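Worksheet for the structure shown next.
The values are calculated or read from the model by the stated rules, or taken from the named source; none is laboratory data. Bear in mind that the values here come from a model prediction, so they are computed numbers and not experimental data. All Cβ positions, glycine included, derive from the backbone under ideal geometry; neighbour counts span all protein chains shown.
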Amino acid sequence: MGIKIKLEVLCDILKLQLFSKRTPIAVRWQLTYKCPLRCMYCDIWKNNDVPELETKQILPLLDEMKECGVKKISFSGGEPMLRKDIDKIIDHCLSDGISPEINSTGFLVPQKINQLKNLHLLKLSLDGPKEIHDLVRGKAGSYDTVMRAAESAAANGIKFIFTATLTKFNINEVEFLLDLAEKFNTFVAFQPLKKRYSASAGETVEGLYPCEEEYKNALKKLISSKKSGKGRMRNSLQGLLHIYNWPNYEKLDCNAGKLFCMIEPSGILSPCDRLKYNRPLPNCAELGFKKSFNSLPGIQCDGCGFCGSLELNYLASFKWGIIPTLNKIMER
């Protein structure tokens, strides 16, 4: 992220704090709900019949997002690599001056590596060693898929990190994940498990939660490693200290719907896809992005441990201690 963009982000934050002017700095866009895996903590694949926006609808929305101040878009799913137009979407982001990122299971990454050559960051979901990852992902060979994706990205000069959702299955494997990040000269982002509501939302994930003692022991290891300067973590120290308090987080003002938002495959816009809303949400394919963003409802939330959202909230609160971590990751 260049100096110019950093200054623009600072100005956007100041305009929010001083004049309550909302600017969507970052967007997470679920391009599809289709997915080849059946992860224990995600039932988004059950919504694979939800209509998806076509390329001709997506590209003009990207232009409008740039005009509204969007600096970064993380494309996710489901599995966004299933989109045949993923390269067109990435390249159009670049032509608009928007930084494109992808959240992926690793599926199809080696096969489509040339389509990812202009991607700014690939985030590969990983749950731990092979036996644990395959178990949680519901499909044998899933771990090997992630490793092939990482190796392909590394060989082709594409930045990537690992992302790990902490469950009862991998809570004692944080050192394995850090060692793997060290091996690939990259980073790993750790995030607590939390139910989401915008998919089928009928099932619970509480049975996958780690016990509190194991969770806190794992976080103590991560915090100690971060303080030593050796842990290759996407999380800032402030972020780790915050999620240490899971499941009862300390209060932190959230800027969902003010500095960032989420888009579903059909174009529905929300402040955050892990909350319930008591009124219909706008569809940016129908109303346009600007009008949809400005009509988003306010939120009430019991706290968040998700890395990107958490650190953007810290920035908005002028807690600059996270900046060294963000710079180190973006400039590697």
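Annotations for the structure displayed:
- Condition check for LEU180: modelled with pLDDT under 95 and more than 23 Å from LEU241 (Cβ to Cβ): no
- Considering the stretch 229-284, and only residues there that are polar (S, T, N, Q) and in contact (Cβ under 8 Å) with a residue 60 or more places away in the chain, the residue that is nearest to ALA316 (Cα to Cα) turns out to be ASN255.
- Of everything in the stretch 47-68 that is acidic (Asp, Glu) and closer than 14 Å to TRP29 by Cα, the residue that is farthest from the chain's Cα centre (by Cα) is GLU54.
- Taken over the stretch 10-23, the criterion of being modelled with pLDDT of 85 or more and among the aliphatic types (A, V, I, L, M) is satisfied by ILE13, LEU14, LEU16, LEU18.
- Hits in the stretch 183-216 (condition: within 30 Å of PRO282 (Cα to Cα) and either at pLDDT 95 or above or outside any loop (DSSP other than H, G, I, E, B) (or both)): GLN191, PRO192
- Single unsatisfied condition, ILE299 versus (1) more than 19 Å from GLN30 (Cα to Cα); (2) surrounded by 20 or more Cβ atoms within 10 Å (Cβ to Cβ): (2)
- For ILE102, the stated conditions do not hold, so it cannot be described as at pLDDT 95 or above, over 30 Å from LEU208 (Cα atoms) and of a type outside the set (Asp, Glu).
- Looking only at the stretch 114-146, residues that are closer than 21 Å to LEU180 by Cα, assigned to a loop (DSSP other than H, G, I, E, B) and of a type in the set (A, V, I, L, M, F, W, C) come to 2 in all.
- Hits in the stretch 41-57 (condition: of a type outside the set (Phe, Trp, Tyr), in contact with a helix residue (DSSP H, G or I) (Cβ under 6 Å, 6 or more places away or on another chain) and surrounded by 18 or more Cβ atoms within 10 Å (Cβ to Cβ)): LEU53
- Condition met for TRP29 (of a type in the set (Phe, Trp, Tyr), under 30 Å from ASP127 (Cβ atoms) and buried (at least 21 other Cβ atoms within 10 Å of the Cβ)): yes
- Residue list for the stretch 147-189, filter: without any contact (Cβ under 8 Å) to a residue 60 or more places away in the chain, closer than 21 Å to PRO100 by Cα and touching a helix residue (DSSP H, G or I) at 6+ places or on another chain (Cβ under 7 Å): SER152, ASN156, ILE158, PHE160, PHE162, ALA164
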